[in-house]
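Comments concern the structure below.
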Amino acid sequence: MTTPRPSAAPRSGGIAPAIWAWLGLYLIFFGLFGLYIGGDGTPDLRIYHRYNGFALVSGGRPQDIAAAGLQSYFFPGLDGLYFLLTQALNDHPAVLHVIMALPYAVAALLVYLVGRRVLPQSWPLRDLLAGAAALFGVTGSASFSTIGTTMSEIPQGLPFLAGLAVWFGCVPLRERPALPVWTVALAGLLAGATVGLKLTSLPLFVGLFVAVIVAELPRWRTGIAAGFVFGLAGVIAAFAVAGWWWWHVYQLTGNPVFPAFNDVFRSDWVAAGRWSDDRFKPQTWQHALLFPALWAFTYSNQAIELAMRDARLLLALAAMLALLASVAFGGLRRAGPPSRRAAGLLGLALFIAYGLWEAMFAIYRYSALIECFSGVLVCAAVAAWLPRRVMACIGIAAVVVIGIATVWRTHYPWWDRSRPSVHAVEISLPPVEPGALVVFLDPGAFSYLIPDLPAGVQVIAPNSNLVRPDSEGTLRPRMEAAIRAFEGPIWGFENLKDYPGAADTALQHYGLTKTGECAPITSTIDSVPAQGCRLEKVPATH
């Protein structure tokens, strides 16, 4: 007869009911909000998401040439899913809006699960605080303003959040953690899948990679082994998700992430360079230190195209520093409250991710997954520094006041939404003939129209964010040769508001002119005035 062995950690009753209750609340909240705020009309949907999804599910559109500008070569995996979902539910827009919002409910649940691990079991109302903190974070400006749209960082971030929940659910709570290979490998696979879905999530992967190693201290060999397993699993997952696409783009252009890092891979299609969006990156160390404070208290577009105000990321950064300071005092090496150890590792992972995000992108939307933990981080920091029960009550009161004030002062950068209609997407186009050539004459967002063009139409965008009439590289001459060699009807689409004179420049350069037959372009997902005009070639002069 054997004596039962004590469990490694005390079990708390009622965990499953609490999880189901919070999931139900999140589903109702985000589903109803998705229904309220309406459908996707964001710039990125018009610029490339709808087209890339259509191209993926319809054989790749090999006849088109950079129809969505430089975004034509972005990984289209989720875009294909978005497109199929929209097509299936085009007659039921309300259902589509609810479904598109539900990934936020899953994200909030995963943040809540991590929150339960980093808050002490002895804390009053721990489940309530963790659930409310998750809701607070997921409704931050970086993520909530794009709910239900293809611009959102949340759907592709779900595997990373799941990997974080898996790892925190097993590793950090052990005082002397052995190497749980399956846990580390599964966390790596999930985090790597998010990198495959969107490369801009790499800072998050690196942050968790470091935390996986540090969690095994002081046993460096075990830590290095854990890091190796995590990193290898992540690389395998990233290539399993997007490797086929990187190989396709490499074969097509000579650069697997074209046009990014074209100073490294050097495709001759366009000029050498990094081709990165550096508009929002801090230019000085003072700017870098104060970065999240710039939009915490006043309206700002320092990290985003639209004016916004939100203190969540500043609160998250302050909480990360407080957690790292508490670890420096308590030490990860010595046995201590499991929640404090877990909170320190979470703070470390997200602090590294934040630093890399600011250095590489500083585009506010890309910080969405970090911002999702803002509430959890603040609660964990207060718990780390005010562990006693009486002081905890004071800390909880302070957290509630700060949270309410932050929510009250938040000004969201709401992106464009589609107009209400009986269909999710309705588009009216000029009478373009099957087999015609359509030329996008200016950098306006037109690729979203391509799924509604007749069969066999070829589309070229020779005046976009990738190619201009004076661009270097072989892609512009290829476009020019295709236009000049085309025999058949030609149409030109132009934005009538945002790019004055751009269409005329393109027409002159490519030897085209308008015939006078023009028709408006209208849709439920774009309100900018646009038109399509029949074109003809200008006779060559001798």
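The values are calculated or read from the model by the stated rules, or taken from the named source; none is laboratory data. Every value quoted in this text rests on a predicted model; they were computed, and no experiment measured them. Please note: Cβ atoms are built from the backbone with ideal geometry, for glycine as well, and neighbour counts cover all protein chains shown. Note: accessible area is taken over every heavy atom of the protein model, side chains too, but ligands, DNA and RNA are not part of it. Shrake-Rupley method; radii C 1.70, N 1.55, O 1.52, S 1.80 Å.
Rounded to a whole number of µm²/s, how large is the Stokes-Einstein D of the stretch 188-286 at 4 °C and 1.567 mPa s, given Rh as the Kirkwood radius over C-alpha pairs? Answer, rounded: 84 µm²/s.
Estimated purely from DSSP H runs of n ≥ 4, each contributing -39500 (n - 2.57), the mean residue ellipticity at 222 nm for the chain is -16000 deg cm²/dmol once divided by its residues. Dividing the mean sequence gap of close Cα pairs (under 8 Å, 6+ apart) by how many residues the stretch 153-289 holds gives a relative contact order of 19 percent. If one takes the longest principal axis of the Cα atoms in the chain, at what angle in degrees, from 0 to 90 and to the nearest 10, does the Cα axis of helix 181-197 lie? For 181-197 against the chain, the angle is about 30 degrees. For the stretch 21-150, the residue among 138, 81, 149 whose Cα projects farthest onto the positive side of the dipole built from Cβ charges is 138.
Per-residue surface analysis assigns residue 210 an accessible area of about 40 Å², computed on protein heavy atoms at 1.4 Å probe radius. For the chain, the solvent-accessible area with a 1.4 angstrom probe is 44 square angstrom per residue. Taking label positions 7 Å along the Cα-Cβ direction at both residue 99 and residue 128, the computed distance is 3.7 nm, reported to one decimal. For the pair the stretch 489-542 and the stretch 61-98, the centres of their Cα atoms are 25 angstrom apart. Treating r as the C-beta distance of residue 359 and residue 328 and R0 as 30 Å, the FRET efficiency rounds to 0.80. On the beta carbon distance between residue 393 and residue 28, with R0 = 35 Å, the FRET formula returns roughly 0.70. Only lysines eight or more places from residue 497 in sequence, or on another chain, were considered; those with a Cα closer than 27 Å are 514, 537. Summary of packing: across the peptides 270-279, 362-371, the per-residue average of other C-beta atoms within 10 Å ranks them, highest first, as 362-371, 270-279. Close amide H partners of residue 512, meaning residues 5 or more places away or on another chain with modelled amide H under 5 Å apart, are 538. Based on the Kirkwood radius over alpha-carbon pairs, what value in µm²/s does the Stokes-Einstein equation return for the translational diffusion coefficient of the chain at 37 °C and 0.692 mPa s? Translational D for this selection: 131 µm²/s. Sorting the Cα pairs of the stretch 382-461 by distance into bins of 10 Å, from 0 upward, gives 13, 23, 16, 10, 12, 14, 10, 2 percent per bin. Here the chain is treated with +1 on each Lys and Arg Cβ and -1 on each Asp and Glu Cβ, and its dipole about the Cα centre works out to around 2720 debye. Take the Cα of residue 92, step 7 Å toward its Cβ, do the same at residue 414, and the gap between the two points is 2.7 nm. Remind me, relative contact order of the chain in percent, using alpha carbon pairs under 8 angstrom and six or more residues apart? The normalised contact order for the chain reaches 19 percent.
Using a probe radius of 1.4 angstrom, the carbon and sulfur fraction of the accessible surface of the chain is 65%. At an R0 of 51 angstrom, the distance between the Cβ atoms of residue 497 and residue 239 translates into a FRET efficiency of 0.75. For a straight C-alpha distance cut-off of 28 angstrom, the lysines reachable from residue 198 (same-chain residues fewer than eight places away being disregarded) are 281.
Between residue 264 and residue 426, full extension at 0.36 nm per residue minus the direct alpha carbon distance yields a gain of 54.1 nm.
For the stretch 1-160, the spread of Cα coordinates along the three principal axes comes to 73, 40, 26 Å, biggest extent given first.
Were the residues from residue 400 through residue 36 laid out at 0.36 nm apart, the gain over their Cα-Cα distance would be 128.4 nm.
The Cα-based radius of gyration of the stretch 268-351, divided by its Kirkwood radius, gives an Rg/Rh of 1.16. Full extension of the chain segment joining residue 465 with residue 181 gains 97.7 nm, where the gain is 0.36 nm per residue of separation less the Cα-Cα distance.
When 295, 22, 414 are compared by accessible area at a 1.4 angstrom probe, the order from most to least is 414, 22, 295. Every Cα-Cα pair of the stretch 139-249 was included, and the share exceeding 25 Å stands at 26 percent.
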